[in-house]
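Working notes, structure below.
The values are calculated or read from the model by the stated rules, or taken from the named source; none is laboratory data. For clarity, every value in this text was computed on a predicted model and none was experimentally measured. No Cβ is skipped: glycine too gets one built from the backbone with ideal geometry, and neighbour counts run over all protein chains shown. In case anyone asks, the SASA skips ligands and DNA or RNA and just uses the protein heavy atoms, side chains included. Shrake-Rupley method; radii C 1.70, N 1.55, O 1.52, S 1.80 Å.
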Amino acid sequence: MKKEFYNGVGRRKNSTARVYLSDGKGNFSINNVSDDINNYLKRESLVIHAVKPLEVLNLKGKYDIKINVKGGGLTGQAGAIQLGIARALLKIDNEFRSQLKSHGLLTRDAREVERKKYGQPGARKKFQFSKR
């Protein structure tokens, strides 16, 4: 019988990822589709970003990972997955904290899109000025 560990939740921009880790062979399941993470995230750079906590701790291939992710775009989802995996690994063994923290993997990226202001075409852009 597999023992399942429930994650912490990872968030980035408008994306939210819930990650479940269980002992296994390194299989990924994203949004209930048994699929390769490369097919979901499309770009190799996003895959590397998402699985960085496993690389830092040399745990790649030791856990099966089930991910439910929604909202935002692929970049935000990759960041949410990364934070979710890091928080789930902490629940497995709290001694991972120092390594994860030194790589900045336990900090939520708080950057958000700046809102558009009235009287302007965007957040900071101004309409073209004409002197005459």
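Grab the other residues whose beta carbon is less than 13 angstrom from that of Ser34, score K and R as +1, D and E as -1, and report the net. Once all neighbours under 13 Å are counted, the net charge is -1. Distance from the Cα centroid of the stretch 76-130 to that of the stretch 26-52 is 19 Å (rounded to whole angstrom).
What base-10 log of the normalised intensity I(q)/I(0) is obtained for the stretch 85-132 from the Debye formula, alpha carbons as equal point scatterers, at q = 0.21 Å⁻¹? Computed log10 I(q)/I(0) values: -0.75. Helix 74-92 against the longest principal axis of the chain: what's the angle in degrees, Cα atoms only, rounded to the nearest 10? Long axis of 74-92 versus the principal axis of the chain: about 40 degrees.
What pairs from Lys13/Lys117; Lys52/Lys101; Lys13/Lys66; Lys25/Lys52; Lys13/Lys52; Lys13/Lys126 go past 23 Å between their alpha carbons? Lys13/Lys126, as the Cα separations exceed 23 Å there.
If both residues of a DSSP beta bridge must be in the chain, then about 85% of such bridges are antiparallel. Size descriptors for the stretch 35-113: radius of gyration and Dmax over Cα atoms are 12.3, 36 Å. Efficiency by 1/(1 + (r/R0)^6): what FRET value for Asn58 and Glu112, r their Cβ-Cβ distance, R0 = 25 Å, to the nearest 0.05? So the FRET efficiency works out to roughly 0.15.
Compactness of the chain, taken as the C-alpha radius of gyration over 2.2 N^0.38 Å, stands at 1.30. A straight Cα-to-Cα reach below 13 Å connects Lys60 with the aspartates and glutamates Asp23, residues fewer than 8 places away in its own chain not being considered. Ranked from largest to smallest solvent-accessible area, with a 1.4 Å probe on the protein heavy atoms, Lys66, Lys101, Lys25 come out as Lys25, Lys101, Lys66. Peptide packing: for 73-86, 7-20, 116-129, the average count of neighbouring Cβ atoms within 10 Å per residue gives the ranking 73-86, 7-20, 116-129, highest mean first. Placing a label point 7 Å from the Cα of Ala123 along the Cα-to-Cβ direction, the residues of the stretch 76-96 whose backbone N falls under 15 Å from that point are 76.
Let me know the longest stretch in the chain that avoids all GluC sites (Glu not before Pro) found in a DSSP loop with at most 10 other C-beta atoms within 10 Å. Answer from the scan: 1-111.
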